[in-house]
Amino acid sequence: MLSPEGESARRIDGLWWLMFWISVVVFAAVAGLMAVAIVRRRRRGPEVDASEPRWGDPFVVIAGVIVPAVILTSVLVVSARDMVAITNAGDAQLTIEVIGHMWWWEVRYPGGVETANEIHVPVGETVRFEVSSVDVIHSFWVPELAPKVDMIPGRTNVLDVRAERPGTSRGQCAEFCGLQHANMALFVVAEARAEFDPWLRNEALPAPVPGPGATAGLGILLDSSCVGCHTIRGTEASGTLGPDLTHVAARQTLAAGTIANTHENLAAWISHPQSIKPGAVMPPTDLSPQELSAVVEYLEGLT
Ligand code: CUA
């Protein structure tokens, strides 16, 4: 949150530091006055001198009412200004749908492109996110780029985001949504048009045709329970409960940021997902070691 990579995040960062320094000054003033009071009382002893002038009343009104009112009103004005600026981020060129699931992110681009858990955006352009959920309330939060926005079943919330620099920002579900809430992460990759456009064109293509070594893996996969939940565009696999796997090998992580997308992790994830992400909807897959390695080889070709 304190290393902003986008305009909205920069405003939130500014607001955070403003409130931090106000709190530091107020805390130091209160602690200082308390120390003075303690020292004075110690020096004078326990008796109260009734003839002493009561200077306390105007001080309480100033320090207890007027000063806090001025501080809180100023912060309210600044945060209202920032909220308006964040909400009206500008004309979005691209709309991306993000749909929360327990516990992963479905991502849709215009033109039937579907992916999961990794969102690419063109740098320097306003992108509109339309977020919703199919089960419980999740919250879409990419702290380096934008404020968080709740994903509510039956409702679409909108968030405009502009990444200022190329780079990858981690996002996190920010609303408790069950056992694997903490393992519901995503990545936003901001890149120049020269990289974003080819990426999107590739994502729009059907799955690459497997090479001679990987054809067996596709056959095994199509005979397995995998196809009940996953779609691989261009093949008969057309399940919709789990992430679209058409270009799964191009993604950096598996299981919504839980593990890196490596050969070993992919095999482990397919054979015993429950030991990696207990409670995940994906059941263990009953494949022999040879079948598993053929399926992994096929999936690794899906770039
Ligand atoms: Cu989804 Cu927490």
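The values are calculated or read from the model by the stated rules, or taken from the named source; none is laboratory data. Being a predicted model, the structure only gives us computed values, none of them experimental. Heads up, the Cβs are rebuilt from the backbone with ideal geometry, glycines too, and the neighbour counts pull from every protein chain shown. Heads up: the accessible areas ignore ligands, DNA and RNA and are worked out on the full protein's heavy atoms, side chains in. Shrake-Rupley method; radii C 1.70, N 1.55, O 1.52, S 1.80 Å.
The table for this structure:
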{"item": "Residue list for the stretch 160-178, restricted to those being part of a strand (DSSP E or B), away from the ligand (no atom under 16 Å from the Cβ) and within 17 Å of I12 (Cα to Cα)", "result": "D160, V161, R162, A163, S169"}
{"item": "Residue list for the stretch 186-196, filter: assigned to a helix (DSSP H, G or I) and either under 15 Å from L299 (Cβ atoms) or hydrophobic (A, V, I, L, M, F, W, C) (or both)", "result": "A194, F196"}
{"item": "Considering residues of the stretch 240-257 that are small (G, A, S) and open to solvent by 10 Å² or more (accessible area, probe 1.4 Å) only, the residue nearest to S169 (Cα to Cα)", "result": "G257"}
{"item": "Any pair with Cβ under 8 angstrom, 6 or more apart, that starts in the stretch 1-17 at a residue that is more than 14 Å from R81 (Cβ to Cβ) and ends at one that is of a type in the set (S, T, N, Q) and surrounded by 16 or more Cβ atoms within 10 Å (Cβ to Cβ)", "result": "E5/S169"}
{"item": "N117 vs. criteria closer than 30 Å to S238 by Cβ and within 13 Å of the ligand (Cβ to nearest atom)", "result": "yes"}
{"item": "Test result for A190, open to solvent by less than 30 Å² (accessible area, probe 1.4 Å) and either within 18 Å of A249 (Cα to Cα) or touching a Pro at 6+ places or on another chain (Cβ under 7 Å) (or both)", "result": "yes"}
{"item": "Among residues of the stretch 116-133, those that are surrounded by fewer than 21 Cβ atoms within 10 Å (Cβ to Cβ) and assigned to a loop (DSSP other than H, G, I, E, B), counted", "result": "3"}
{"item": "Which numbered condition G111 fails, given (1) of a type in the set (G, A, S); (2) within 16 Å of the ligand (Cβ to nearest atom); (3) farther than 20 Å from M1 by Cβ", "result": "(2)"}
{"item": "Elements of type helices (runs of 4 or more DSSP H) contained in the stretch 197-303, each with 3 or more residues being small (G, A, S)", "result": "215-223, 263-271"}
{"item": "Test: residue in the stretch 89-96 that is assigned to a helix (DSSP H, G or I) and loosely packed, with under 10 Cβ neighbours inside 10 Å", "result": "no"}
{"item": "Residue in the stretch 190-211 that is more than 16 Å from the ligand (Cβ to nearest atom), within 18 Å of the chain's Cα centre (by Cα), closer than 26 Å to S132 by Cβ and at pLDDT 90 or above present", "result": "yes"}
{"item": "A182 vs. criteria within 11 Å of the ligand (Cβ to nearest atom), free of Cβ contacts under 8 Å to residues at least 12 places away in the same chain and open to solvent by 10 Å² or more (accessible area, probe 1.4 Å)", "result": "yes"}
{"item": "Restricting the stretch 134-149 to residues that are open to solvent by 10 Å² or more (accessible area, probe 1.4 Å) and not in a loop (DSSP other than H, G, I, E, B), the residue that is nearest to the ligand (Cβ to nearest atom)", "result": "W141"}
